[in-house]
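The values are calculated or read from the model by the stated rules, or taken from the named source; none is laboratory data. Just so we're clear, the structure is a prediction, and the values are computed from it rather than from any experiment. Positions of Cβ are backbone-derived with ideal geometry, glycine not excepted, and every protein chain shown enters the neighbour counts.
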Amino acid sequence: MKPGLAVDLFVLVAVSFITIYFIAKSHDKKYYLRNIAGLEAIEEAVGRATEMDKIVHFIPGITGLNNSRSAVTFSGLEVLNYVSRTVANYGAKLLVTIRNVMVLPVAQEVVRNAYSSIGKINSFDYNSVQFLTDNQFAYATAVRSILQEGQVAANIMVGSFFAESLMITESRTSCRGDSDRWNYQRNPASFFYYYL
Amino acid sequence: MAGTWIAAICTLGLMSFVIKDSPLYRLAEYTFLAVGTAYSFVLSLERLNPVIITPIKQGKYTIFIPVALGLLLYSRFFRGKQWLMGFPISVTIGVGLGLSLKGIVSSEIVKQLSDTYTSIGSLEGVLIFVGVICVILFFYFSRSNTGANPPVLAVARKIGRVFLMIAFGCMFSNVILSRMTLLLGRIKFLLGDWLNII
Amino acid sequence: MKYLINIDHRIIYILVIISITLPLIAPLNLPVDASEEVTKIYQKIDSLMPGDTVLLLISYAAQNEVEMKSQSDSVISHLFSKEGIKIVSAALVESGNIYLNQYMSSYASEYQKEAGRDFVNLGFVYGGEVAVANLANDIHQAAPADSDGNLLADLEMMKNIKDGSDFDLVINFGATQLWSIVRYITDVYNVDLVSGIEAVFAIRFLPYYVSGQLDGYLNGLVGAAGYESLIGIRGPASKHMDPLSSSSMLIIVLIIVGNISYLVEKRQKFSDRSAR
Amino acid sequence: MNRNNLFLGITVIITLTTLVAGFFDLSIFNTISANLVNWSVVIGLVALATAIISLMRMHVKRIMTRRREWFYSLYFIVVFTAVCSIGLIYSSRGQPFMYVVNNILVPLSTTIYSLLGLWMATAAYRAFRVRSIDSTILLVTGIIVLLGSTSFGAAISPVFARITIFIRLIPTTAASRGILISGGLGAIALGIRILLGVERGHIPGQSK
């Protein structure tokens, strides 16, 4: 045992067992989950996008899978799975833009699984998940011009974001759009509801 | 001198965006996209030599295993073979998890808590102790089904909220300092290096 | 009063640009002082003895060059002026490599230091947080060759440098990788750490400073100006303090005006409703 | 043993090896985990081209189908290949590559980041409203700390600097520490969910 790590190991084991205990306990008991406005807004946003025959744009965060931010990226991919299933149900068009190299194949698989899980695998299009660039601000400028082209009806951003998110959502004011942005960041969960 | 002119044109091209979206801005934007991606691609390619080719020269052939795993990620381009991507992805996530679990526990939880306890002697220590406990309780969102939270939790949440608002006020002022510094840099470049008014 | 309620955003842009330009043209040269965490970095670097080994890491990107380059210029020039220090340097972010090359080539030319004997520049190390853990575990495996291509095994300086524990001080610039540096190098091997941080992220690292994991930090341009006052030069950061202060004051005024107009509007709406 | 459990098994084994190497001083685990960490970097490096291939495919498709503003995609491909070849031929420290980087990439990066300063100003005027006690505390603290850290505040009176030091070292540290610890606990909880297979989104080749 490395010196001075006994307490650390104890805390890790304790937190792990508490988590495992509550996951096991949650299977049988029905917990009331306060509904979160953002999730309901997604259904409405996708419905609106289908009416306007425009694209639903999604960003699962800009960080990777193997660092301290991976927890936030996983939750982004989880919501991507939900959004893809909703889009597949409505038959709308989905566009997922990616900034991290390792997240690209994973996000594509998540969308493919979502389409196949409701039996619409043939309407799945590989180009719906695109890598733009790994430079943080070049990515933000690229997303801005996608949003301003006018083809996007709903912009959903769930995951870990930094200064570039201000730039992406700033395009909201200049093109009167709304963004459904839910940021797990350590600063307060800033939340807009945004569709064009 | 030509370099400064190119830099100034790029600066004004992107800055023109604030007034109106124009072809000059779109050109600057796509230049930024292309040069930014190319720069990090070239630098990463140059890492291939020291990280992969040098160990092979030194006879460490185990390096072929991660190279093979990395190549599995290209199975994405072949229909029906996507499941092969699972190997490199699960290895990467496994390493990431193993490192961050240990790192988070010792640096972000235990060391922080132990410092909160050891410095409890002074008045500041007590204040920090109360603040930390209240902020952690503030993030405690589950409620009994009646929806009302116990009095202790309600008080702790109020104190936690005050601490959080002071912290966000401090963060807010630092964000202003940071953003103004960046804008200042560009204006100094345009006035100083380009038009050398200053 | 009506006009104050909604100023067009382009006028605000012009106001901000004027508030920055005026002090640049007519500087007020207000005094700049160094706060406690800045002096701690100065003392830590000043107390380096010949033969100490320093790990110099650049993890800021080209976009916040203004803020971070003024920090690294002053701190690194102070570091280079110390005699007999062994430096291992690496860039953890792609565009940080631009500045690392400038510093290390000036170290070789201006200070007549020899690559391989006095310093080893590993250049850009790919991989982000995992690369930091990789460096900490075993430098020779993480970066077998330095940026000029010669093998680390042949460099006589690297003979007694194997992993994180062989360093006496880690100096980092940039917040993106500071989390992993604390987690995988300085906490694991108990090495002193000083770091320059972008003002946006400085607050998040305050707990590390108070708990002693981070021995000193520079808070954006304010920290850089403080360090310049310590090494006795009136460098770019100190000159930028005047326009920074004036533009910050403008932001405060904008907030106050915005709130006054908001309150006035609310009272008008309230009085209209009660009058009806 | 279907594929999901196979990948889950790999992740669990590698996580446990790295954890054991982190906590215990066993030489076998140390060498294995050091190798695994290096492998993870190599995998990321080798996989880099997948992103570039999909990027190029997107732009070529945009040119082929003559979508709106397709000529920008053509411009992107030309500049991208040009800068890549300059970088690879003359090496990233060569003079031509540094010329491109210093005179095009650095100004563009700093400019785009500096625009945030302008939007901060409009946001300060339009969005930062004193609606509740919380936002009052936030704005008052922000103004005091801003005065305390800039040279104007120091010129007006040293009181601001002293209050700023107090605000930074006591309440802000406590709150940041609280956030840090809660964030850490959340990350551990999610790590456990991945190891238990509850969190499946990322494993390819299975349908929920």
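Structure above, values below:
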item	result
Candidate set: segment D:151-197, residues that are of a type in the set (Lys, Arg) and within 7 Å of chain B (Cβ to nearest Cβ); chosen: the one surrounded by the most Cβ atoms within 10 Å (Cβ to Cβ)	D:Arg177
Among residues of segment C:135-165, those that are surrounded by fewer than 19 Cβ atoms within 10 Å (Cβ to Cβ), within 13 Å of chain B (Cβ to nearest Cβ) and not in a helix (DSSP H, G or I), counted	5
Close pairs (9 angstrom Cβ cut-off, 6 or more residues apart or separate chains): within 14 Å of another protein chain (Cβ to nearest Cβ) in segment B:149-162, basic (Lys, Arg) anywhere	B:Asn149/B:Arg143; B:Asn149/B:Arg157
Qualifying residue in segment C:11-23 (condition: exposed (fewer than 15 other Cβ atoms within 10 Å of the Cβ), out of contact with any helix residue (DSSP H, G or I) (no Cβ under 8 Å at 6 or more places or on another chain), in a loop (DSSP other than H, G, I, E, B) and aliphatic (A, V, I, L, M))	no
Answer from B:Gly103, B:Gly131, B:Gly98 - the residue that is touching a Pro at 6+ places or on another chain (Cβ under 9 Å), surrounded by 23 or more Cβ atoms within 10 Å (Cβ to Cβ) and either more than 7 Å from chain D (Cβ to nearest Cβ) or part of a helix (DSSP H, G or I) (or both)	B:Gly131
In segment D:22-48, the residues that are in a helix (DSSP H, G or I), at the interface with chain B (Cβ under 8 Å from one of its Cβ atoms) and of a type in the set (A, V, I, L, M, F, W, C)	D:Phe23, D:Leu36, D:Val37, D:Trp39, D:Val41, D:Val42, D:Ile43, D:Leu45, D:Val46, D:Leu48
Matching residues, segment B:41-56, being out of contact with any Leu (no Cβ under 9 Å at 6 or more places or on another chain) and more than 7 Å from chain D (Cβ to nearest Cβ)	B:Asn49, B:Ile53, B:Pro55, B:Ile56
Selection within segment A:84-99 - among the charged types (D, E, K, R) and away from every other protein chain (no Cβ under 11 Å)	A:Lys93
Flag for D:Phe80 being of a type outside the set (Val, Ile, Thr) and facing chain B (nearest Cβ under 8 Å)	yes
Condition check for C:Arg183: at the interface with another protein chain (Cβ under 10 Å from one of its Cβ atoms), of a type in the set (Lys, Arg) and surrounded by fewer than 24 Cβ atoms within 10 Å (Cβ to Cβ)	no
In segment D:106-150, the residues that are surrounded by fewer than 21 Cβ atoms within 10 Å (Cβ to Cβ), among the hydroxyl-bearing types (Ser, Thr, Tyr) and within 9 Å of chain B (Cβ to nearest Cβ)	D:Ser135, D:Thr136
Where A:Asp134 falls short, out of the listed (1) in contact (Cβ under 8 Å) with a residue 12 or more places away in the chain; (2) of a type in the set (D, E, K, R); (3) outside any loop (DSSP other than H, G, I, E, B); (4) within 12 Å of chain B (Cβ to nearest Cβ)	(3)
Number of the condition not met by A:Phe10 [criteria: (1) away from chain B (no Cβ under 14 Å); (2) farther than 21 Å from D:Ile194 by Cβ]	(1)
Selection count where residues are touching a helix residue (DSSP H, G or I) at 6+ places or on another chain (Cβ under 8 Å), outside any helix (DSSP H, G or I) and not β-branched (Val, Ile, Thr), scope segment A:47-82	9
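Residue-by-condition table, conditions (1) crowded, with 21+ Cβ neighbours inside 10 Å; (2) in a helix (DSSP H, G or I); (3) at pLDDT 85 or above:
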position	(1), (2), (3)
A:Ser84	yes, yes, yes
A:Asn100	yes, no, yes
A:Val110	yes, yes, yes
A:Gly150	no, no, no
A:Ser165	yes, yes, no
A:Thr173	no, yes, no
A:Ala189	no, no, no
